[in-house]
Amino acid sequence: CLDYGGYGLLAGRLDGRVRRYDVRAGRMIADCLGEPVTSACYSYDGHCVLAATLDSTVRLLDAEAGTLLQEYRGHTNTDFKCDARLTHHDANVVTGSEDGTVLVWDLVNGQVVQRLQAHAGTVMGVACHPQRDIMLTACVDGSVKVWGRAPK
């Protein structure tokens with residue numbers, strides 16, 4: 001998995017490492033998570049890295065130091081690539097699950113704030129709109145759904 005932000009590139013690998021490439025300084029830093037990485041992305045503010053691994057854990061890391069800030073558990077991710085993303089305001093973590101659900105956690109306290117029965121099969125793809133409370137989910141069966149708040 002790949003992502004970019006600011007002056008850096010991010011690569012998550014099945015070898016259990018998240019590699020951060022600083023293109024300005026020409027250096028690479030690897031953080032070992034110990035489990036195959038299936039999803040990695042920068043937070044919108046660029047200060048954090050979010051990584052999902054095949055041990056059903058999503059980890060929030062400090063983007064500069066690589067230190068663990070928070071872990072999120074409650075979904076199933078042991079066999080497939082399930083995306084994990086941050087919402088546009090960096091307040092929530094969203095991930096798909098092999099049981100067809102989508103979980104939303106509070107970024108800071110790590111508590112599940114919402115569980116959606118999204119699809120009948122594994123939710124492999126999750127994408128959050130960069131400015132609005134809209135989310136896309138994609139299932140292994142090829143279906144895609146758009147989620148958002150009802151207009152007021």
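The values are calculated or read from the model by the stated rules, or taken from the named source; none is laboratory data. Note that the structure is predicted; figures quoted are calculated from it, not measured. Neighbour counts are summed over all protein chains in view; Cβ atoms, including those assigned to glycine, are modelled from backbone coordinates with ideal geometry. For accessibility, only protein heavy atoms count, side chains too; no ligands or nucleic acids. Shrake-Rupley method; radii C 1.70, N 1.55, O 1.52, S 1.80 Å.
For Gly16, the residues 5 or more places off, or on other chains, whose built amide H falls under 5 Å of its own are Val37. Using alpha carbons only, the radius of gyration of segment 79-152 set against its Kirkwood radius gives Rg/Rh = 0.95.
Rounded to two decimal places and with Rh computed the Kirkwood way over Cα pairs, what is Rg over Rh for the chain? The partial results should precede the final answer.
Values: Rg = 14.7 Å, Rh = 15.4 Å.
Result: Rg/Rh = 0.96.
Note on the chain: with neighbouring protein chains present and a 1.4 Å probe, carbon and sulfur make up 53 percent of its accessible heavy-atom surface.
Each Cα pair under 8 Å and six or more residues apart adds its sequence gap; the mean of these over the residue count of segment 6-152 is a relative contact order of 13 percent.
Roll a 1.4 Å probe over the protein chains and send me the accessible area per residue for the chain in Å².
Working: 7940 Å² over 152 residues.
Here the per-residue accessible area is 52 Å².
Give, as a single signed number, the net charge of other residues whose beta carbon lies under 14 Å from the beta carbon of Thr67, with Lys and Arg counted +1 and Asp and Glu -1. Summing Lys and Arg as +1 and Asp and Glu as -1 gives -2.
Among 109-116, 59-66, what's the highest-first ranking by average C-beta atoms within 10 angstrom per residue?
Values: 109-116: 12.8, 59-66: 17.5.
Peptide ranking by packing, descending: 59-66, 109-116.
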